[in-house]
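A quick write-up on the structure given underneath.
The values are calculated or read from the model by the stated rules, or taken from the named source; none is laboratory data. Only a predicted model underlies this, so the values are computations on that prediction, with no experimental measurement involved. FYI the Cβ positions are ideal-geometry reconstructions off the backbone, even for glycines, and counts take in every protein chain you see. Calculation scope for accessible area: heavy atoms of the full protein, side chains included, ligands and nucleic acids excluded. Shrake-Rupley method; radii C 1.70, N 1.55, O 1.52, S 1.80 Å.
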Amino acid sequence: MSTEIVSKKIYFVIWASLMVLLFVTWGVAQFDLGLFNSLAALTIAIIKMLLVILYFMHVRYSSRLTWVFAGAGFLWLMIMITLTLSDYTTRGFVRPYNRVLSNWQDKNWNHLPGDKPMEPRPLP
Amino acid sequence: MNETEAVPVPAPAEVEENYLSAGHTVRSWLLTTDHKRIGLLYLFSIIFFFAIAAVAAAIMRLELLTPPGDLVLSATYNKLFTLHGVIMVWFFLIPSIPNVLGNFLIPMMIGARDVAFPKLNLLSWYLFMAGGLLALHAIIVGGVDTGWTFYTPYSSRYSNTHTVEMALGIFLSGFASILTGLNFIITVHEMRAPGLTWFRLPLFIWSHYATSLILVLATPVLAITLLLMMLERIWGLGIFDPRLGGDPVLFQHLFWFYSHPAVYIMILPSMAVVSELIPCFSRKRIFGYKFIAFASMAIAVLGFVVWGHHMFVSGQSVYAGMIFSILSFIVAIPSGIKVFNWTATLHRGSISFETPMLYALGFIGLFSLGGLTGLFLAALAVDVHVTDTYFVVAHFHYIMVGGTVLAFMGGIHFWWPKITGRMYPEKLGQLAALVTFIGFNLTFFPQFVMGYLGMPRRYHAYAPEFQIYHVLSTAGATILGVGYLLPVIYLLWSLRHGKKAGANPWGATGLEWQTPSPPPVHNFAEVPRVTGEPYDYSPQEEEKKAEDDHA
Ligand SMILES: [Cu+2]
């Protein structure tokens, strides 16, 4: 429920910035930044997303209640990502009690690229 | 309870046409934007889908009478339980209470003339039907055998059945869910009658508000997940298939991020109905109003952080399993609060056992059993023992049939006089409620036992020692079928021959009872003004009235 009337100029400015950012995404992809590849891509994506939400979707000019609902959307996305990663980042933290299964996991489980193979911990 | 107790209705309202007599053409139904008519469109549609899924269940129960697979092929059996699951979950349970009773009642309960976006409301029904018919088409051209969960990589690579059409049908009906949730949220925020503050709202509204939040926040994830599955099947995208660098467990994470909250999409509206029935037939103000209201919100939020309890044996890390296990125990607390508060409402109430109340009491018992066995499943070690057994099947049927279906039936009976303007035959109603309760327990209680003993789910042939439980279960399903058919017959009969109901046959509080039955097109002749708390029942007065009647 926006109360202000947004001038057309702002829409064009936002659109132009989105286009610029699109080329920046492409440009950054031309260089291998190692670990920073994802970081750079995600940063640009988040800026683009914020521009769309704040200006094209009028959240910037909307009531606090709208902000709460828009914020809830992000919070829920974060819940999904965090708890999903709580699985992926902790595989192997708690080792199976069963020695055969544990040894099998050490031999067969793929580790993420760049991971050092885990030191086998003493079993009870 | 009789018609003389009806609240007097302002005269001008009687002049206005009611919503049923306002138009009799097919067009007047298919192009309606009246929330009451859309509620009824949903009612007919979900009964249609329920019937199809119930037939699939009946064939499965027949097959399971004997240990060998002698009635249907194993492949057919796989298609039957997939059909049953998909149709029951997405085309009956999820829309059942919110889209029928919610659509009909939410505007009336808050003193509004319609929902915030009536045209979106109609669009939602069309999307639902498009999705449902697409799913039906997938069944007719050969069916799907993945189970309602569509686990990858089976669904995205190996299954030779029509998974894409089926998933597309669910995808479409998801948009119907989102539109409904959005509509309800905005309606409750913007369209409450003057004086109707948040804490004067009926708990029906609170629960539906919580449900709508889940619909809006969870359903998009289901849509994305199914879309990725379809794209993987069509173009080999490589999100879930390990051969293409994907991860099948990721599908389960995304799927259950929607599908556990979906359980609360089914159960919160049931709690909404029960919170109306219990105080009305106890003639007592509900106990702990704010606790119940906040418990609904707590369920909506906490329901999102427990999904991993479906994945204890999926290869998920044990550490994540432990977190999800603890969180699942926590989500039981608000449900427990509700059960205790309903019970406390009964305490010292002047209870009567009309049909809706029988269903509500049945709900409390069966939901408690379903919820408590859920705690068995949330415990890591026990879950490993009973994963993929009939114990799980029994548990979720206690929640979905014992919970949602019973509450739905209770709600339909309670608001039937409001919807149609006619009373149903009370004695037959009570009989049907009892038959349903007995049939239900006979069907599903033996499944707890055989599940614990090791009977796996989704098998059409089994070891002979389980036969006795299957025979009991099939016998119960037959009785349950009678319990479902009886209301269909006498409710249809009541449309023509039922006693005329007054505006308020139950002497209930709530704005929907202050307008004639059936309600006029615009619900209220004058926008009502709310000055007091909800559930203003007082047993003392009732007792006094009863004594006076006696004398
Ligand atoms: Cu769950």
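Computed quantities for the displayed model
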{"quantity": "Every residue from the range B:429-471 that is open to solvent by 70 Å² or more (accessible area, probe 1.4 Å) and in contact with a helix residue (DSSP H, G or I) (Cβ under 9 Å, 6 or more places away or on another chain)", "calculated": "B:431, B:434, B:437, B:438, B:445, B:452, B:453, B:458, B:459, B:465, B:468"}
{"quantity": "Matching entry among B:430, B:467 (being more than 22 Å from the chain's Cα centre (by Cα) and part of a helix (DSSP H, G or I))", "calculated": "B:467"}
{"quantity": "Candidate set: the range B:239-252, residues that are in a helix (DSSP H, G or I) and at the interface with chain A (Cβ under 10 Å from one of its Cβ atoms); chosen: the one nearest to the ligand (Cβ to nearest atom)", "calculated": "B:252"}
{"quantity": "Qualifying residue in the range B:385-396 (condition: closer than 22 Å to residue B:90 by Cα, open to solvent by 40 Å² or more (accessible area, probe 1.4 Å) and assigned to a helix (DSSP H, G or I))", "calculated": "yes"}
{"quantity": "Any hit, the range A:34-54, residues being of a type outside the set (Lys, Arg), open to solvent by 40 Å² or more (accessible area, probe 1.4 Å) and within 14 Å of chain B (Cβ to nearest Cβ)", "calculated": "no"}
{"quantity": "Positions within the range B:253-279 being open to solvent by 10 Å² or more (accessible area, probe 1.4 Å) and within 11 Å of the ligand (Cβ to nearest atom), in sequence order", "calculated": "B:256, B:260, B:263, B:264"}
{"quantity": "Residue that is at pLDDT 95 or above, closer than 22 Å to residue B:51 by Cα and within 16 Å of the ligand (Cβ to nearest atom), where the choices are B:393, B:405", "calculated": "B:393"}
{"quantity": "Enumeration of residues in the range B:313-351 that are more than 11 Å from chain A (Cβ to nearest Cβ) and within 16 Å of the ligand (Cβ to nearest atom)", "calculated": "B:313, B:325, B:326, B:328, B:329, B:330, B:331, B:332, B:333, B:334, B:335"}
{"quantity": "Flag if residue B:211 is touching a Phe, Trp or Tyr at 6+ places or on another chain (Cβ under 8 Å), more than 29 Å from residue A:71 (Cα to Cα) and away from chain A (no Cβ under 14 Å)", "calculated": "no"}
{"quantity": "Residue list for the range B:280-308, filter: within 16 Å of the ligand (Cβ to nearest atom) and within 14 Å of chain A (Cβ to nearest Cβ)", "calculated": "B:300, B:301, B:302, B:303, B:304, B:305, B:306, B:307, B:308"}
{"quantity": "Qualifying positions in the range B:337-362 - open to solvent by 20 Å² or more (accessible area, probe 1.4 Å) and either within 30 Å of residue B:380 (Cα to Cα) or in a helix (DSSP H, G or I) (or both)", "calculated": "B:337, B:339, B:340, B:343, B:344, B:346, B:358, B:361"}
{"quantity": "Close pairs from the range B:304-333: first on the phi > 0 side of the Ramachandran plot and open to solvent by less than 50 Å² (accessible area, probe 1.4 Å), partner assigned to a helix (DSSP H, G or I) and within 14 Å of the ligand (Cβ to nearest atom), Cβ under 8 Å, at least 6 apart", "calculated": "none"}
{"quantity": "Residue tally, condition polar (S, T, N, Q), outside any helix (DSSP H, G or I) and within 25 Å of the chain's Cα centre (by Cα), over the range B:140-191", "calculated": "2"}
